[in-house]
Amino acid sequence: MDSTDYIQGASSHPGMAKDDIIEVETLATRTETREQPSFKVYKRRFFGLAQLVLLNIIVSWDWLTFSAVSKTASEYFRVSEGAINWMSTAFLFAFCVASPIVIWTLNKGGPRSSIITASVLLLVGNWIRYAGTRAGNGIFGVAMLGQILIGLAQPFVLTAPTRYSDIWFTDHGRTSATAVASLANPLGGALGQLIGPLLATDPGQIPNLVLYVSIISSVACVPSFFVPGRPPTPPSVASETVKPPLLASLRQLSRRTEFWLIFFPFSVYVGLFNSISSLLNQILYPHGYSETVAGITGALLIVVGLVSAAIMSPIVDRLKHYLGTMKILIPILAVAYIAFIFAPSSGHVAGPYVLAALLGAASFCILPVALEYMVEITYPMSPEIPSTLCWTGGQIFGAAFILIETALKAGPEDDPPFHMKRALIFQAVVATVVVPLPLCVGLFGTDGRKRRLEAECQRVGSLEEPIVSA
């Protein structure tokens, strides 16, 4: 079949949008003008990936610095725990404010520009936060300003993995690369949950805790300025594809029902994870659990999730069963949130530990699979567009959930005082409501095709292009 037949066949496909047809024409033209093209992957891609991992660890650790020791921090700053919760909430809202700039930066400048921007904001934000913590026995407003600047840095590295893996990796490694970089973010949260309570056992140790985190963050930012921009030659068909303009992509995305069927559950579950990570100490403390136990629970939530994702991601990378994986795991996640209602009041650490591990395993396995699947169904759009929108939705929901759940906290007259059972019921209801949405993808006229993979199979199959390592 020549390129003209291929274009005509694509144009007649009922699921093909205008941008897809334009892209087919581009690929067909290149097929005629290039003979035996060679795709390459470069070892230097792992340096940039490692730096994305490092920055995602640091930014999440920064986020939960105060949440992990909320009671101790509130005593140091002489404010309520609700005010300490605003450290997390403001951080999430800052993500949303920065998102339009993040999309533009990744679209025009690529991952390197995004990584450098994040590093500068992290450096400035951490030291302003330390100054606010150290000066005058704690100036809460200055510390909050530093926290907001760190929040502005987060989207520049959290939304970059799909774009980075699209530029540097083949279809055999993209899901794993996205998983490693994206899941490093909650790993930082686990470190914050574990290390914070150990370093700040009383209010007077809060400044030193922030100092140590600031030093570690500063050291982690230095390699960002040496990250390579783009590979000399693309690793795959998708990497060399000319992407549609940003505004045209946004218009087309708004009309794709299958995107929204993934967007809402993804954003809701990210929001629920953010809220439970921020409030875990306050959920467990009224039932007699210490900040250390809460820290271990938070670490289990994340570490078990990371191990599960490390096992699942290569399997999905090989089999490409994105949608089927989500349809299995999302109902399991909803059941785990329902069961968690009863965990704090069980009186045994086994309940919170086991359910936190289950929540983490399901959440972390879904995350990279959903991100890569959204890139597949929105192809040939640039990967950072759906990724940033979904992460932004997660931060908005997370901030809203923290505020709602804080308002649902029991009063001092309840038994036990200040328990958060109503907040846990709220989480379970929200987690259950969105379960049917991803189950509808591919049904009722929605298009769940893996567009990027189809394009690569057609191109590579027809040209037998070798992929070499350099």
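Computed from the coordinates by the stated procedures, all read-outs in this text should not be read as laboratory data. Bear in mind that the values here come from a model prediction, so they are computed numbers and not experimental data. Every residue, glycine as well, gets a Cβ built from its backbone with ideal geometry; the counts of neighbours run over all protein chains shown.
Before moving on, here are some points about what is shown:
- Residues of the range 185-223 with amide N under 19 Å of the 7 Å Cα→Cβ point at Ile311: 187
- Each peptide in 302-310, 434-442 receives the mean, over its residues, of other Cβ atoms within 10 Å, and ordering these scores from highest gives 302-310, 434-442.
- Three-way shape label, the range 366-429, alpha-carbon gyration tensor, a/c 1.5: prolate
- Extension gain (nm, one decimal) between Phe225 and Thr257, 0.36 nm per residue minus Cα-Cα: 7.6 nm
- Dipole magnitude for the range 143-283: computed about the Cα centre from +1 point charges on Lys and Arg Cβ and -1 point charges on Asp and Glu Cβ, it is near 440 debye.
- Applying 1/(1 + (r/R0)^6) with r as the Cβ-Cβ distance of Lys43 and Ile332 and R0 = 41 angstrom yields a FRET efficiency of 0.65.
- Per-residue HN-Hα couplings for the range 306-316 [Karplus 6.51, -1.76, 1.60; θ = phi - 60°; Hz; x = Gly/Pro]: 5, 4, 5, 5, 5, 7, 6, 4, x, 5, 5
- Gained length - Ser80 relative to Thr432, 0.36 nm times residue gap less alpha-carbon distance: 123.5 nm
- Phi angles of the range 134-139 translate, via the Karplus equation with coefficients 6.51, -1.76, 1.60 and θ = phi - 60°, into HN-Hα couplings of 7, 6, x, 6, x, 10 Hz per residue; Gly and Pro are given as x.
- Taking the centroid of alpha carbons for each part, the range 47-97 and the range 128-197 are 9 Å apart.
- Each of Tyr76, Tyr353 was scored by other Cβ atoms within 10 Å of its Cβ. Listed from fewest to most, they are Tyr353, Tyr76.
- Near Gly442, the amide H atoms lying under 5 Å from its own belong to Asp447, Gly448; only residues 5 or more places off or on other chains count, and H is placed 1.01 Å from N.
- Once the Cα-Cα distance is subtracted from the 0.36 nm per residue extended length, the Ala339 to Asn208 segment shows a gain of 43.4 nm.
- Gyration tensor (alpha-carbon) shape descriptor, the range 196-307, a/c threshold 1.5: oblate
- In this structure, the amide hydrogen of Arg256, modeled 1.01 Å from its nitrogen in the peptide plane, lies closer than 5 angstrom to no residue at least 5 positions away or on a different chain.
- Sorting Arg45, Arg78 by the number of Cβ atoms found within 10 Å of their own Cβ, with the fewest placed first, yields Arg78, Arg45.
- For the peptides 386-395, 107-116, residues were scored by their other Cβ atoms within 10 Å and the scores averaged per peptide; the highest-first order is 386-395, 107-116.
- Cβ-Cβ distance of Ile101 and Arg422, R₀ of 41 Å, FRET efficiency by 1/(1 + (r/R0)^6): the value works out to about 0.65.
- Of Asp202, Asp317, Asp62, the sequence from fewest to most neighbouring Cβ atoms within 10 angstrom is Asp202, Asp317, Asp62.
- Phi-based couplings in Hz for the range 272-277 (Karplus 6.51, -1.76, 1.60; Gly and Pro marked x): 5, 5, 4, 5, 5, 5
- Close amide H pairs (under 5 Å, H built 1.01 Å from N) link Lys40 with Val468, residues at least 5 positions away or on another chain.
- Whether the range 288-399 is rounded, prolate or oblate, judged on the alpha carbon gyration tensor where a/c under 1.5 counts as rounded: prolate
- For peptides 376-384, 413-421, 136-144, sequence by mean Cβ density within 10 Å, most packed first: 376-384, 136-144, 413-421
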